[in-house]
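Here, each number is a calculation from the coordinates, and none is a lab measurement. Please read these numbers as outputs of a predicted model, since none were measured by experiment. Positions of Cβ are backbone-derived with ideal geometry, glycine not excepted, and every protein chain shown enters the neighbour counts.
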C-alpha cells in the first residue's frame, strides 16, 4: 500500500495551499505580504486586514472544522453501519440537529451555547429515530443495512418538514435562520465555532483512540470479540462520537450535506480501511473539500454568493447518484441481487 | 350473483359471478373505515369558528333554510375542505401503497422518490415566471414535474430488470438534489413570495373550493378504475420481478404504468394542497395494521385511511388549534406519527406472539 | 388435469447470453421433445440455470433465438407464455403474509379475467393440486411458516396449479432430505407419464438424474456437451469431460449408479 503515505503527504501539503487560496483570493497581489504579516495578530490596520482577520480567517477555520469533522464522522458511520450510503445526511443526524436547534431558538429563545446543546441532542434523536423506524419496519432479509438508509431518509424528510413548519410560524426570525438552515459558512458564526469546536475535537480524539479496535470490528465482529474487544461498547461509543461530532458541525453553520457521504468514498480506495490512517486522511480531505466548496460558492457566481451547503448538496447529490450506480446497479451487483 | 364462500386457504370470502373474490375481513374493515369517514366528516362539519349544530347540518343537507353566516361556513368553507381533504388523502395514500409494492419496500413514499419535489419545483418555477397562473396550468406543471422525475429515475436506474430498491435509492438521491434546489429558490426569492411558497409547501387546504373539487373528481374516479384493473397484479409483484413475469405479468410495461399512475396521483395532490410528507407511508401502514390486506383491498383500505387522516388533521387545524398557525402538514404529523408508532409496535407484538 | 394433446417443441438455436461481460451461454443449441422429463446436469456455473432463465426470457439473448412450437419467444407475450410454461426458481421468495391458499390462487393469474378471479374449474384444480402434494390441511398457513420440505412442496403445488404443459424447475430438490427428494421426483414423473407434461429440470445429483429422467443433458461452459438417455449420457468418459473427475458407472437392481473416485484435486488457497 504505497499509496498511503503519498496520499497523506499530498493532502497535508495541499490543505494549507487551499486554505491559503481561500484566505487570500480576491485581494490584490501587492497587499499580500502585508496581509501575511497581519495574520498572527488580531488588530486590523486597514480595510483589507479587517476583511482578512474578521471575515476570511473565521470562514476558513469554520470550513476546516466542519469539513474535517463531518468527513471523519461519515467515515465511521459508513464503516459501522456497513453501508456505502451512510452519512450524517442520510441517517437523519443533520436533520435532527437542525430541527432541535430551530425549535430551541423559536420556541425557547435559547442562547447560542444552549443552541449547541440542542443541536447535539437533536443529532442523537435523529439517529435514534432512524434506528427505531428501521427496526419497526422489520426487514429480515436486508443484508446490507439498507432499511436504515431508507428510514434515515424518511426521518430526515419528516424532520425537515417540521423545521419548515416551525420557521413559518415566526416570519420575523425566519429570514435569519433561513440562510443558516441551508448550510452557510459565514464569518458571523465564528462565535459558534469558538463555543463548539471542542465537541468535534473530543469526538475525533475518541475515534482515534478507538481506531484500532474499530478496525478489528470492521473485519468481523466475532473475530474482534475473540481478541478481547468489547464490541457493543466500542461500537456504541464510536457511533455516539460520530453523531455528536456531526451535530456540533450543524450547530455551527447548519447542515452541510454530503461531505460525510462523499469524502469517505474518495479516501477509502486510496488509503484502505485501517482507521488509524484513514481517519486523519478523511479529516484532511474533508477539510479540503469543504474549503473548495466554500470557495466555489463564494467566487463562481460573482457577485452573487452561493451557500456552501447548497454547493455540497448539488454536487454531492450527483456523486450520490454515481455511488448508487456503482454499488447497486452495476451488473455484478445486480447478479448478486438476482 | 354474489355468494358467500371460502377461498382456497379457508378464509371466508364473497364471490361474484365472474370470479372476483373479496375477503370478508377486508370488506368489514373497509365498511368500518367508510363509516368512520362519514362520522368524522360530520364531526368536522361541526367544528370551526362559526357555531353550527346538527340541526343546521341536517337543514343544509335537506335543502332547508339556514342563516347566511352558517351556510357560508358549512357550504363554502368546511364541506369543500372535507371533501377535497379526503380525496387528496386518498390520492397520496394510494400513491404510497402503489410505490411500496413497486419498490417492494414498506418505506417507499412519493416524497422519497422525489415526485413531490419534482412537482414542487415545477410549480415554483411556474409561479415565479407567471405569478397568476390558472389552476389548470399549475396542475400541468405539477404533473410534468413528477413525470420528469419519473423519467430521470427510469433513465438512471436503467432497464426494467433492476430491483425496486434501486429505484428508491435513486429517488432519495434525486429528491435531495431537487430539495436543495428548492431551498435555493426559497432562499433567494423576495420575502413575501418566499413565505407564501413556504406556507404552501407546508400543506394547506385553504384554497379548497367547489371548482377545485370538480377538477379533482374525475381523477378520483379514475383511481377507482385503476385499483380495480391493476390491483390484483400487485400481489404477483410481491413475489418478486421474476416470479411475477413467470406468472404472466408484463413487468417492464406495467411497472411503467404503475409509476405513471403514482406520479399523476401525487402531482394532483401536490397541486391541490401542497406536499403532504410521510402520508404515503403512514396511511398504508396503519391500514395494514387494522386489516392486513393485499392487492386491491390493500389499496382501497390505504386510500380510506389516508382520507381519514387528512380530514382529521384538517379538523385539528380548524377546531382545536384556532389561533395557532398550524399548517396541515404539522397537524397531520401530530395525528399520524403517534398512530404510526402505535401501529408498528402492536404489529411487532402481534408478530412476536404468533411465533 | 386433462391429458395434453398438443405437440410441443422447445428449441434453442445458437444461443449466446450473459450478464454484462460475463458470458454464460455460448452458442448453445438444444431441442426439447414433448412429454419427457429432461434433466440438465453439469458443474457449477456451466449455465444450467441460465438456460432456464433464457427460456423464461429473464436473461436477454445477445445472439440466437429460442422457439416454442416454431414461434420465437419474443413474439409470445408474457401472459401467453405463462399459460404454456411454468417456472420454479432455485430460491423462492415469499412475503410473510402470504398463505398457501393465496399462493396457489396466484398461479392462475394469467387465466383470470381483468376484473375476475378463479373459476369453478380453477378451484377444483387447486384443491386437487393441494391433495397431490399432501398439503390440503395446511392451506391456511402462511407459506414462510411451513417446514423446508413443506415449503418446497408448496411451490411445486403452485407450479402445478398453473396448469401448463411445460414445467421448468431449477434444482427443485436441493434443500430436501432424501425421502422428500424421492417423493418430489416421483411426483414429477407422475406429471410426465400419465399426464404427458414436459418437464425440464436442473438436477445436481447424477444418480437421481439417471434414475428419474428420460433424457439427460450434460452441459459444460455454456454449451451442451451431450444428451441422451441416462445410460447413454452418464458414462465415465462424459463425466470426466464435464466434471474433470474420474468415476465408475454401474448398474444395481436396474438403476444406474455413478460412483466418483476420490478426487486428487489439491485445493489451491
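Who wins for biggest fluctuation among B:120, B:213, B:186 in a Gaussian network model of chain B, springs between alpha carbons below 10 Å? Maximum among the listed residues: B:186.
In this simple spin-label approximation, residue B:67 and residue C:67 carry label points 7 Å from Cα along the Cα→Cβ vector, and these lie 8.6 nm apart. Between helix C:120-133 and chain C there is an angle of about 40 degrees, using the helix long axis and the longest principal axis of the Cα atoms.
In terms of its alpha-carbon gyration tensor, segment A:237-338 comes out oblate; a/c meets the 1.5 threshold, while b/c is at least as large as a/b. Once the C-beta distance of residue A:54 and residue A:12 is scaled by a Förster radius of 30 Å, the resulting FRET efficiency is 0.60 to the nearest 0.05. Relative to the dominant Cα principal axis of chain A, helix A:190-209 is inclined by about 30°. The mean count of C-beta atoms from other chains within 10 Å of the C-beta of residues in C:136-147, rounded to a whole number, is 2.
Look at C:27, B:9 and count the other Cβ atoms within 10 Å of each Cβ; fewest to most, that gives C:27, B:9. Which of rounded, prolate, oblate describes segment B:207-251, given a ≥ b ≥ c as roots of the alpha-carbon gyration tensor eigenvalues and a/c under 1.5 marking rounded, otherwise prolate only if a/b is larger than b/c? Note, shape of segment B:207-251 comes out prolate. For helix C:148-161, report the angle its Cα long axis makes with the longest principal axis of the Cα atoms of chain C; keep it between 0 and 90° and round to the nearest 10°. Once rounded, one gets 70 degrees.
For segment B:229-312, the C-alpha radius of gyration sits at 1.20 times the compact-globule guess of 2.2 N^0.38 Å, with N the residue count. Helix content alone sets the calculated 222 nm mean residue ellipticity of the protein assembly as shown: runs of n ≥ 4 DSSP H residues at -39500 (n - 2.57) each, divided across all residues, give -20000 deg cm²/dmol.
Could you tell me the calculated FRET efficiency between residue A:188 and residue B:18, based on Cβ-Cβ distance and R0 = 60 angstrom, to the nearest 0.05? Calculated value: 0.30.
Mean-square fluctuations from a GNM of chain A, with a 10 angstrom spring cutoff on Cα atoms, peak among A:271, A:209, A:296 at A:209. GNM on chain A, alpha-carbon springs under 10 angstrom: the most fluctuating residue among A:126, A:74, A:316 is A:316.
Cα-Cα pairs above 58 Å in the protein assembly as shown: how many percent? For the protein assembly as shown, the share of Cα pairs beyond 58 Å comes to 19 percent. A simple spin-label model places the labels of residue B:350 and residue C:248 6.2 nm from each other, with each point 7 Å out along Cα-to-Cβ. Of all DSSP-defined beta bridges confined to the protein assembly as shown, some 65% are antiparallel rather than parallel. Run the paramagnetic zone check for residue B:260: 7 angstrom along Cα to Cβ, then residues of segment B:126-140 with backbone nitrogen under 18 Å. Inside the label zone: B:140. Cβ-to-Cβ counts within 10 Å put C:197, B:70 in ascending order as B:70, C:197, the fewest first. Judged by the ratio a/c of the largest to the smallest principal axis of the C-alpha gyration tensor, chain B counts as oblate, that ratio being 1.5 or greater while a/b is no larger than b/c. By the count of other C-beta atoms within 10 Å, a proxy for reagent exposure, B:1, A:157 are ordered fewest to most as B:1, A:157.
Placing pseudo-labels 7 Å out from each Cα toward the beta carbon at residue C:259 and residue C:97 gives an inter-label distance of 5.6 nm. Taking Cα centroids, how far is segment A:212-270 from segment B:198-248 in Å? The two parts, judged by their Cα centres, are 41 Å apart.
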